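First the structure, in the form of structure tokens, and then the observations on it.
The values are calculated or read from the model by the stated rules, or taken from the named source; none is laboratory data. What you see is a predicted model; the values in this text were computed from it and never measured. Cβ placement follows ideal geometry from the backbone for every residue including glycine, while neighbour counts extend to all protein chains displayed.
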Amino acid sequence: MGSSCTLRALGAILHRFTNGVSSKCPNSMALQWNGLLSRKLSSSSSISSLPSWISTHIHGSATVTRTIWTVSPLSMGRRSSKIAGRKGAQDAKKAKLYARIGKEVVSAVKKGGPSPVSNTALATVLEKAKELDVPKEILERNIKRASEKGQEAYIEKVYEVYGFGGASMVIEVLTDKINRSVAAVREVVKDCGGKMADSGSVLFKFRRARVVNVKVSDADKDQLLSIALDAGAEDVIEPPVYEYDTEEDMSESYYKIVSSAENYSTILSKLRDEGVIFETDNGSELLPISTIEVDDEALDLNKELMSKLLELDDVDAVYTDQK
């Protein structure tokens, strides 16, 4: 596992020395609109001409207008079709979600017993599991597992990493053996040529939010924006658009509806009512406050590092600010 990452990292370094410059195109242009909902924009002609969704509500004597700007991020020169195995990645994401909920169930039972009536922590986890469509048999299996001899409660840990090309990563871990988890994470990061970061040196670049992921091919954009407005979503982030994207590439990309915890269930209910297929988060996601565009070599190296980290049983999620 480690030799492959090490060779790729060494190859990237040699490439930079032999060519003298980064392969990242200096003339690449990226337009990204984050905070698309309720954003205060200037009234200049360049902004006002952009496509948008507008909803006006009258509250007493005050009129409130909320706008979603529907501009997609644009990146030139990179094919998103290079990101292979999307279906496999989504299946792995779902497996990670189920594993995390199972670990949360074990921890709750260890602390307060197997009855959700008397154990409010377990009741909260089961309610979240229902919201996230976690199969009932997974919950029952982990409630039973919690009573097994030698099974310890799980502890949350966050590790921060410097990747390639200036990108950063945050690794979320839920483990019953901290020494095991940190050793495994450090080994993968070292073998792949990354660098562990001090606590707090990367995390400030991200914000935590509830997120609903909707595949582009499963939703009409106007319908999705309308649902987001009605349900009080904070943001709708459109997938980045690349110069050489094919129709298949675009159909496998995702909208992200960003929500507060209070409005999350409302958004899910409205999507269900409208027959829109969606994927939930694992309780929350970390979203980059701003994104960094890296060259193709760094992109591949970061992807491999993230993939190797996600193979670890203790790792539940890996987030990056890489575009």
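A few comments on the model shown:
- The set of residues from the stretch 133-151 being in contact (Cβ under 8 Å) with a residue 12 or more places away in the chain, surrounded by fewer than 22 Cβ atoms within 10 Å (Cβ to Cβ) and in a helix (DSSP H, G or I) comprises Ile138, Leu139, Arg141, Ile143, Arg145.
- The stretch 106-131: number of residues that are over 19 Å from Val173 (Cβ atoms), surrounded by 13 or more Cβ atoms within 10 Å (Cβ to Cβ) and under 29 Å from the mean Cα position of the chain (by Cα): 8
- Members of the stretch 81-132 found to be small (Gly, Ala, Ser), modelled with pLDDT of 80 or more and not in a loop (DSSP other than H, G, I, E, B), listed by number: Ala95, Ala99, Gly102, Ser107, Ala108, Gly112, Ala121, Ala123, Ala129
- Among the residues making up the stretch 174-206, those that are hydroxyl-bearing (Ser, Thr, Tyr) and closer than 22 Å to Pro288 by Cα are Ser199, Ser201.
- Meets criteria (surrounded by 18 or more Cβ atoms within 10 Å (Cβ to Cβ) and not small (Gly, Ala, Ser)) for Val173: yes
- Out of Val202, Val188, sole residue that is touching a strand residue (DSSP E or B) at 6+ places or on another chain (Cβ under 8 Å), farther than 30 Å from Leu271 by Cα and surrounded by 17 or more Cβ atoms within 10 Å (Cβ to Cβ): Val202
- Residues in the stretch 293-319 that are surrounded by 18 or more Cβ atoms within 10 Å (Cβ to Cβ) and outside any helix (DSSP H, G or I): Glu293, Val294, Asp295, Leu312, Asp314, Val315, Asp316, Ala317, Val318, Tyr319.
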